[in-house]
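The values are calculated or read from the model by the stated rules, or taken from the named source; none is laboratory data. Bear in mind that the values here come from a model prediction, so they are computed numbers and not experimental data. FYI the Cβ positions are ideal-geometry reconstructions off the backbone, even for glycines, and counts take in every protein chain you see.
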Amino acid sequence: MLIRIGYEIVFEIPAPVPILLVLSTHADRSATIRRPGGLRIEPEVPVETYVDRFGNHCGRIMAPAGLVRLWDDAIVEDSGLPDEVALGAIQHPVQDLPVEVLPFLLPSRYCEVDRLSEIAWSLFGQTPEGWGRAQAICDWVHHHVQFGYEFARPTKSAYDVYEERKGVCRDFTHLALTFCRCMNIPARYATGYLGDIGVPLSDSPMDFSGWFEVYLGGRWYTFDARHNTPRIGRVVMARGRDAVDVALTTSFGTSNLVKFVVWTDEVGPEALALPPSIKPL
């Protein structure tokens with residue numbers, strides 16, 4: 001299966017401002033790229049690239065005043081298979097976990113493990129360890145939190161989501177992965193492309209999506225509390241402790257978002273011959 005992925009993001013900037021970017025596909029998808037894309041910036045400015053401590057490909061620019069457009073358009077190959085389900089995946093005792101996964105047990109900016117630990121144990125302490133417990137957490141969040149773009153708030157934490165029972169995909173993810181950490185299951189935030197492939201078309205406007213991964217049975221598995229069903233065509237862009245680590249753009253000054261469009265669509269092989277294209281500003 002071939003999937004065309006890309007975005008167009010336009011800012012109106014009153015004065016030059018530094019911006020951090022996390023807009024590339026993750027390195028583990030590099031081998032699946034069939035028509036390369038790459039970040040384009042208009043007007044053209046230098047981009048300093050680096051890899052952060054989570055292995056995400058990042059960039060830093062000094063955005064000039066005026067309209068600044070960021071865009072990409074690429075094609076990746078996908079297996080066409082839904083997210084893997086491993087009902088027998090075991091939960092490791094904390095003392096047996098690899099040291100590199102231990103940070104994903106700890107509290108982070110949006111994930112208050114300390115505040116939610118007692119609640120988590122009261123809700124999930126009787127569930128079977130391993131896959132069954134992680135799935136029970138997803139089921140609970142999926143059924144108890146209402147989705148809506150109008151509920152988005154940049155300061156909303158996992159505890160806020162538990163109290164308010166409303167949010168967007170990142171809020172579902174923060175609450176579910178925090179519950180997992182409370183139950184001693186390492187969990188990390190993931191963001192990327194997720195289109196309506198293999199499911200009915202959604203009435204919601206297309207956007208990047210947030211989900212999470214848990215460490216069970218010696219490896220990481222994908223879970224998605226918002227959709228709560230295996231999906232086809234996820235393309236990971238970045239992973240981290242929570243949304244702070246995978247913010248698409250971080251401006252150190254004023255930058256007003258005036259356009260945000262994302263595409264992630266299944267295409268045929270004929271699309272490989274077409275060059276990336278976008279309308280002029």
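Any residue in the stretch 15-24 that is over 22 Å from G233 (Cα atoms) and outside any strand (DSSP E or B)? Give the steps one after another, and end with the answer.
Filtering the stretch 15-24 down to residues over 22 Å from G233 (Cα atoms) leaves 15-21.
Narrowing the set further to residues that are outside any strand (DSSP E or B) leaves 15-16.
Yes, the conditions are met somewhere in the stretch 15-24.
Conditions (1) assigned by TED's automatic domain parsing to the domain that holds V261; (2) out of contact with any Ser or Thr (no Cβ under 7 Å at 6 or more places or on another chain); (3) among the hydrophobic types (A, V, I, L, M, F, W, C), marked per residue:
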{"site": "G195", "(1), (2), (3)": "no, no, no"}
{"site": "G210", "(1), (2), (3)": "no, no, no"}
{"site": "V214", "(1), (2), (3)": "no, yes, yes"}
{"site": "G217", "(1), (2), (3)": "no, yes, no"}
{"site": "W220", "(1), (2), (3)": "no, yes, yes"}
{"site": "F223", "(1), (2), (3)": "no, yes, yes"}
{"site": "R226", "(1), (2), (3)": "no, yes, no"}
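Where residues in the stretch 82-106 are more than 21 Å from D242 (Cα to Cα) and outside any loop (DSSP other than H, G, I, E, B), which of them is nearest to the chain's Cα centre (by Cα)?
P82
May I ask you to list the residues in the stretch 211-257 that are among the basic types (K, R) and surrounded by 17 or more Cβ atoms within 10 Å (Cβ to Cβ)?
R226, R231, R234, R239, R241
Pairs only if they're at least six apart or on different chains, beta carbon under 6 angstrom, first in the stretch 83-107 and surrounded by fewer than 10 Cβ atoms within 10 Å (Cβ to Cβ), second in a helix (DSSP H, G or I); list them, first residue then second.
Hits for this filter: L87/W131.
Mind checking which strands (runs of 3 or more DSSP E) fall wholly inside the stretch 217-281 and carry at least 3 residues that are among the aliphatic types (A, V, I, L, M)?
It comes to 235-240, 256-267.
Which one of A136, A176 is in a helix (DSSP H, G or I) and free of Cβ contacts under 8 Å to residues at least 24 places away in the same chain?
Details: A176 fails: free of Cβ contacts under 8 Å to residues at least 24 places away in the same chain.
Result: A136 is the single residue among A136, A176 that is in a helix (DSSP H, G or I) and free of Cβ contacts under 8 Å to residues at least 24 places away in the same chain.
Scanning for something surrounded by fewer than 17 Cβ atoms within 10 Å (Cβ to Cβ) and over 26 Å from A271 (Cα atoms), does the stretch 21-40 turn up at least one residue?
Within the stretch 21-40, not a single residue is surrounded by fewer than 17 Cβ atoms within 10 Å (Cβ to Cβ) and over 26 Å from A271 (Cα atoms).
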